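Heads up, the thing below is written out as structure tokens.
Bear in mind these aren't lab numbers, they're just calculated from the coordinates by the rules spelled out. Nothing here was measured: the structure is a model prediction, and the numbers come from that model. We place every Cβ from the backbone using ideal geometry, glycine too, and count neighbours over all the protein chains shown.
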Amino acid sequence: MQFRQNTKPLLKKPLGLILGLNLLIASPFSSAAVLSLSEAEQVALQDEPGIISQQWQMQSLSAQAIADGQLKDPKLQVGLNNIPTDTFRFNQENMTQLKLGIVQQFPKGNSLGIKQQKTQKQSELFQSSILERKLMIIKEVRLAYFEIYYWEKAKQTIKQNKRFFSQLVDIVQSMFSVGRNNQQDLIRAQLELSRLDDRMVKITQKINAQRSKLSRWIGYEKSNQPLTTQLPVLATPKLSDDFEVLSQLFYSHPKIQEIDKKIEISRKDIELAKESYKPGWALNVGYGYRDNNPNGAKRSDFLSAGVSIDLPLFTANRQDKKLLAKEHRYQSLKDKRVALLRQLVASLQQEVAVEEQLQNRHQLYLNLLLPQAKQQTRASLLAYQSDRGDFSDVMRAYIDDLNVKLDERRIAVDHLKSKAKILYFTSSFNK
């Protein structure tokens, strides 16, 4: 009895301290500048090289479209005709002349205007590409940001539990010194403490990897700033389950708009191929200067004009095949659009289902698993304190409590990541 009276106070005070330590929540980076999700998104989109490159390409094609609508430059012809080879005198023969000519070519049908329209469509194609890249960048920034948030919270939770295990090792050592428990309890406590150190190292590696991933979009300095202490809020729209309704909503998505522009460009290629059946032509105007006769009599100069016309008579292996190739490409793009639309709708429906499951699981953890894990921890501590429980039960209870906390944070972050993926699909629906 005297042994119990001496050891009970030793147990109560440290175990109460352990319970308090287990409820502590640290506030890391209290003095450093905090990086919010909205700030990270703004920085990522500001002066982004990929977007700027596409903007330059769009401007390049806009300028090219103007050039494509213009006629070719006229050609200047200069010639010395009918020079006598016996004397090479310019005024010896009547037909000897210095000839100046201008040749202007004119394209087939309306091919010039259609080519200009095609180049303009190619320029507009980059508008959809730029919008799609912006949505992709925002999604990637959000996913990396949420991953960093999770691992930082996991690191904080591990640190909190590491303090508990350090105190527990001290308690077990004290109890072992007075013969209250066996050496196995002490070794088990030290082992779990070492395992927490190993988990801390792995978590640090995860944090560094995710911050490096985020630095691609916002730079090294910004990506290494501490994040907000609370999870950001992402609101997703309510969506219909009907495939046709979702398909119509996706008509405004930049991926669909991008392939729509390609289809329009393909139509212009078909129109150009049809114009190749029409004849092109060229106008040739020339002026021939003649010198006076050797006796001084004046000779008349010559003015000539002519038109050359293409004759597309044999079209079977050229125009017909070219038109057929353009029509096949057009049909291929239409089928590709249908396949892409189905893929996008299916991906969205799958992500919505994942988001709903994660939301339900998160509520389960908040309402049941977290409170139950905490109750189990308290009960095992009290049982061990009163010599009615084993030390292995205490360790198992606190390890379970740690894992439940980490799982709850994991599900909360995965829930937000799922919303970020949904917003990638739906952000353009209302634009």
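For segment 311-400, report the translational diffusion coefficient in µm²/s to the nearest whole number, using Stokes-Einstein at 20 °C, 1.002 mPa s, and a Kirkwood Rh over Cα pairs. Let's see the in-between values first.
Numbers: Rh = 19.5 Å.
Using the Kirkwood radius from Cα pairs, D works out to 110 µm²/s.
Build a GNM of the chain with springs between Cα atoms under 10 Å: which of ASN284, ASN208, ASN360 gets the top mean-square fluctuation? In the Gaussian network model the winner is ASN284. Tell me the angle of helix 254-275 to the major Cα principal axis of the chain, expressed in degrees between 0 and 90 and rounded to the nearest ten. Approximately 20 degrees, to the nearest ten.
Within 10 Å of each candidate Cβ there may be at most 16 other Cβ atoms; applying that plus a DSSP loop requirement, which trypsin sites (Lys or Arg not before Pro) in segment 231-270 survive? All intermediate terms of the calculation are to be shown ahead of the outcome.
Working: sites: LYS238, LYS255, LYS261, LYS262, ARG267, LYS268; in loops: LYS238.
When the trypsin sites (Lys or Arg not before Pro) of segment 231-270 are filtered for loop state and at most 16 Cβ neighbours within 10 Å, LYS238 remain.
As a length-normalised measure over Cα pairs under 8 Å and 6 or more apart, the relative contact order of segment 183-335 settles at 18 percent. Relative to its residue count, segment 205-358 spans a Cα convex hull of 335 Å³ per residue.
Pairs exceeding a 19 Å alpha-carbon distance, out of LYS213/LYS421; LYS162/LYS202; LYS255/LYS322; LYS118/LYS322: LYS255/LYS322. When the inverse distances between all different Cα atoms of segment 201-276 are averaged and flipped, the Kirkwood radius reads 17.7 angstrom.
Among MET95, MET200, MET395, the largest mean-square fluctuation in a Gaussian network model of the chain (Cα springs under 10 Å) belongs to MET95. Sorting TRP56, TRP281, TRP151 from the fewest to the most surrounding beta carbons within 10 angstrom yields TRP56, TRP281, TRP151. Positive end of the dipole of the chain (Cβ unit charges, origin at the Cα centre): among GLN205, LEU313, SER36, the Cα lying farthest that way belongs to GLN205. The alpha carbons of the chain give a radius of gyration and a Dmax of 40.2, 154 Å, in that order. Shape analysis of segment 31-87 yields a ratio of the Cα radius of gyration to the Kirkwood radius, Rg/Rh, of 1.65.
If you average the sequence gap of Cα pairs under 8 Å that are 6 or more apart and divide by the length of the chain, what percent do you get for the contact order? Please list the in-between numbers first.
On the way: 504 pairs, mean separation 99.4, N = 431.
Relative contact order here is 23 percent.
The fraction of Cα-Cα pairs per 10 angstrom bin, counted from 0 for segment 365-414, comes to 30, 44, 21, 6, 0 percent, rounded to whole percents.
Only counting other Cβ atoms within 10 Å, I'd like LEU168, LEU80 sorted with the fewest neighbours first.
LEU80, LEU168
By how many degrees, between 0 and 90 and to the nearest 10, does the Cα long axis of helix 111-177 differ from the longest principal axis of the chain? Approximately 10 degrees, to the nearest ten.
Comparing THR157, THR96, THR85 in a Gaussian network model of the chain (Cα springs below 10 Å), the most mobile by mean-square fluctuation is THR85.
As a proxy for reagent exposure, ranking VAL352, VAL141 by other Cβ atoms within 10 Å from fewest up yields VAL352, VAL141.
Projecting the Cα atoms of TYR365, ILE137, PRO294 onto the charge dipole of the chain (Cβ charges, centred on the Cα centre) puts TYR365 farthest toward the positive pole.
In the chain, the longest principal axis of the Cα atoms and the axis of helix 2-23 are about 20 degrees apart.
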